[in-house]
Each structure stands twice: as C-alpha cells, then as structure tokens.
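Structure, as structure tokens:
What follows is calculated from the coordinates using simple rules that are stated; it is not laboratory data. Given the structure is predicted, the values throughout are model-derived calculations rather than measurements. Positions of Cβ are generated from backbone atoms using ideal geometry, with glycine treated the same way; all protein chains shown enter the neighbour counts.
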Amino acid sequence: MSKCVKCGRETPDTRTLRMSCLYAMEELKVPFEKMEREYCLTVCKSCRADWMAAIEKWFNTPTVEESCGSGIYVRRNGVSIEVTAEE
C-alpha cells in the first residue's frame, strides 16, 4: 500500500508523476521528491486524472500578456509579472 501525497488515501495502485524541468520547483508549495533531474510525486489514479486535466486546461488556455500600467514587476514562478499598484 502506498499513500497519495495529494489526497492522503492509502491505495495499492499509485502512480509516480515525473517532471523533468530546469527550473527550481522548490519554490512551489508541492511536496516533490527530487530525483536527479526529475521532480516526482506519488499519487492515486484520481489525483493523477486531476493533474492531467490541469495540464490540458493550461495548454489549451491562451496566454494573455496585458499591461496594467503600474510599471511594478515581481518574479512569480520564474517570470517577471507586472502587478497593480494595490498589489
């Protein structure tokens, strides 16, 4: 039996999600296991399906880069993003 790191369910049928990335994923609040050049998560089938749906939604959503005019930029997940003056 393995435990899903997302939902906590004990199941004999977990999957390992592997992501190879040159970015330091430690910035995210996700309990990745670092294995050489990969970041790994052990999850149940339901949580893997949620992950796959999120990847598909991300890929199919057009990227919009509009300026709000603040001229204030911060780094968020490795990219400079303009924030509003209130933020």
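A Förster distance of 25 Å, applied to the separation of the beta-carbon atoms of N77 and E36, puts the FRET efficiency at 0.70.
Kindly provide the chymotrypsin sites (Phe, Trp or Tyr not before Pro) of the chain that DSSP labels as loop, not H, G, I, E or B, and whose Cβ sees at most 12 other Cβ atoms within 10 Å.
Y23
With the biggest extent put first, the Cα atoms of the chain measure 53, 27, 23 Å across the principal axes. Relative to the longest principal axis of the Cα atoms of the chain, the long axis of helix 45-60 lies at roughly 30 degrees. Given their separation in residues at 0.36 nm each and the Cα-Cα distance between them, M52 and T16 gain 11.7 nm when the chain is fully extended.
Do any GluC sites (Glu not before Pro) in the range 11-44 lie in a loop, going by DSSP, with at most 13 other beta-carbon atoms within 10 Å of their beta carbon, and if so which?
E36
By other beta-carbon atoms within 10 Å, ranking M1, M25 with the fewest at the front produces M1, M25. The trypsin sites (Lys or Arg not before Pro) found in the range 2-34 that occupy coil by DSSP, while having at most 10 further C-beta atoms within 10 Å, are K29.
Here K3 is the anchor, and the lysines within straight C-alpha reach of less than 17 Å, apart from those fewer than 8 places off in the same chain, are K45.
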